[in-house]
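A quick write-up on the structure given underneath.
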Amino acid sequence: MLISAKAVFLGPGEVLVPGMVRILGNRIVQVAEELSPRMGEERVVLEDAVLSPGLLNAHVHLDYTGLRGKLPAISFPAWVKEILRLKATLHRESLEAALDEGFGLLARSGTTGVGNMEAYPELLLLADRFPLRCWWFLELIDLRPHVWSEEAACAVLRFFDNPPVPLGKLGLAPHAPYTVSPELYRLVREGAERFRLPVTTHVAESPEEWTMFCQGDGELLDLVSQAGRPRPTGEELSPLQWLDRTGGLAPGMMLVHLNYLCEADWALLARRQFSVVHCPKSHAFFSYAPFPLERMLSLGIPVCLGTDSLASNDTLDLREEIRQARRLHPGIPPERWWEMVTAAPARALGLPGTLGEIRSGAWADLAAFRWRSGLDPWESCIESREEPLFLMVHGRVLKAEGRWFS
């Protein structure tokens with residue numbers, strides 16, 4: 001297949017005007033301003049469009065897609081209580097429907113890959129049913145003893161014995177320092193290193209989490225203590241410092257939120273290789289303190305964007321996340337924002353040059369957006385409210401010429 005577009009985003013800050021991309025199977029094999037068609041080769045002409053790497057949503061909970069608009073913007077511990085109540089009402093059919101709807105919303109915003117936090121391991125049996133690239137991050141919590149069903153265990157084990165290639169990948173997601181023991185964090189780290197799995201965790205998200213670890217007090221500590229977590233003793237540390245001291249920080253870990261940090265945390269982030277995932281609209285939903293994005297970028301800390309779940313957001317569109325964030329961070333150029341939803345998450349997932357860029361040898365995960373007159377191509381993509389004009393995942397066309405293909 002030969003695709004031509006008015007502009008092609010090659011990688012961070014690089015654009016080809018005009019550009020052509022040749023696809024063979026599931027890979028990009030050639031990129032240039034002009035390529036000669038081969039005999040019998042399928043052509044896709046994207047007039048007045050920008051061809052971009054498909055967007056990568058670094059953090060979402062698709063299980064909660066059906067909870068949109070059902071939780072008020074309240075304190076984080078109160079929100080946790082309410083989502084636990086609502087989770088108790090979910091059943092297999094509603095969870096499957098949530099995944100179906102969530103993957104559909106992602107595709108209609110130009111997303112081709114997603115890091116999904118999966119709280120129900122039995123749903124991993126459905127991994128090969130969805131057309132997008134997905135890292136199924138297995139959410140792990142050990143506040144209370146829990147025995148997996150045979151179905152849940154089989155769903156996870158098949159990623160090792162009979163993986164749902166090529167689009168389904170397994171990851172590990174110890175939930176957060178307030179719900180995961182040091183022993184489980186260390187076990188996750190050992191397992192990730194042995195099986196080469198990506199790891200992500202929520203950390204330093206809310207002021208209540210900060211109070212719990214730094215002051216040994218507060219509403220969140222009361223909540224998790226009721227659920228069975230022992231109250232901390234000894235030195236009071238920031239959530240990130242606690243995670244480091246207990247040996248839970250896995251190399252290359254994707255750290256979600258990091259809204260509340262002390263100077264010791266900054267020193268740790270500056271000398272270690274971690275990626276940070278910021279969820280701007282969820283951040284605004286909870287009215288958290290301003291996110292220190294400029295400081296992170298100035299220190300060379302990789303930052304990706306995610307949407308979090310529809311239990312604290314009203315969209316899974318990463319373009320809306322950028323628009324929300326840059327109102328508060330107007331000095332960051334548009335091409336840098338686009339990097340946070342393409343090349344940066346690809347690097348965080350261990351796939352630099354394979355995802356998040358349009359180069360020879362990369363996987364053919366592509367999205368095209370209309371190039372509006374008077375805007376530069378990066379601005380036009382960010383400001384777009386339309387569905388993508390074209391969408392491809394692993395060389396398979398999902399949308400072209402105004403039609404979606406099942």
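Every number in this text was worked out from the coordinates using simple rules, so none of it is lab data. Quick caveat, the model's predicted, so the values are computed rather than measured. FYI the Cβ positions are ideal-geometry reconstructions off the backbone, even for glycines, and counts take in every protein chain you see.
Across the alpha-carbon atoms of the stretch 1-129, the computed radius of gyration and Dmax are 20.5, 63 angstrom. Once both labels are positioned 7 Å from their Cα atoms along Cα-to-Cβ, the gap between Arg271 and Arg385 label points is 4.9 nm. Along the charge dipole of the chain, which of Ala284, Ser52, Leu243 sits closest to the positive end, that is, farthest toward it, with unit charges on the beta carbon of Lys, Arg, Asp and Glu (+1, +1, -1, -1)? Farthest towards the positive pole: Ser52. For Ala227 and Glu183, a Förster radius of 22 Å and the Cβ-Cβ distance give a FRET efficiency of 0.85, rounded to the nearest 0.05. Based on DSSP H segments of at least four residues, each scored -39500 (n - 2.57), the chain has a per-residue ellipticity at 222 nm of -9000 deg cm²/dmol.
For the chain, the longest principal axis of the C-alpha atoms and the axis of helix 150-161 are separated by about 50°.
Amide H contacts under 5 Å for Gly252: Gln273, restricted to partners 5 or more places along the chain or on a different chain, H placed in the peptide plane at 1.01 Å from N.
Amide H contacts under 5 Å for Ser309: His61, restricted to partners 5 or more places along the chain or on a different chain, H placed in the peptide plane at 1.01 Å from N. The share of Cα pairs per 10 Å bin across the stretch 84-136, counted from zero up to the longest distance, runs 21, 57, 21, 1 percent. Determine which residues of the stretch 103-118 fall in the zone a paramagnetic label at Arg396 would reach in this model, i.e. backbone nitrogen under 15 Å from the point 7 Å along Cα→Cβ. The answer is 103-104, 107, 112-114. Amide H to amide H distances under 5 Å link Gly11 with Ile358, where only residues 5 or more positions off or on other chains count and H is placed in the peptide plane.
Sequence-ordered 3J(HN,Hα) estimates for the stretch 393-406 from the Karplus curve with 6.51, -1.76 and 1.60 and θ = phi - 60° stand at 10, 6, x, 9, 6, 9, 8, 7, 6, x, 10, 8, 10, 7 Hz, glycine and proline given as x.
Cross-link pairs exceeding 32 Å between alpha carbons, from the set Lys81/Lys399; Lys87/Lys399; Lys281/Lys399: Lys81/Lys399; Lys87/Lys399.
Computed over every Cα-Cα pair of the stretch 100-204 and binned at 5 Å starting from 0, the pair-distance distribution P(r) comes out as 2, 12, 21, 24, 20, 12, 7, 1, 0 percent. Between Asp48 and Arg295, the simple spin-label model (points 7 angstrom out along Cα→Cβ) gives 4.5 nm. Mind giving me the FRET efficiency for Thr89 and Tyr288? R0 is 25 Å, r the Cβ-Cβ distance, nearest 0.05 is fine. Using R0 = 25 Å, I get an efficiency of 0.35.
For the chain, the Cβ-based charge dipole about the Cα centre amounts to some 540 debye (Lys, Arg positive; Asp, Glu negative; other atoms uncharged). Here the chain is treated as an ellipsoid with the same Cα gyration tensor; its semi-axes, largest first and in whole Å, are 36, 23, 19.
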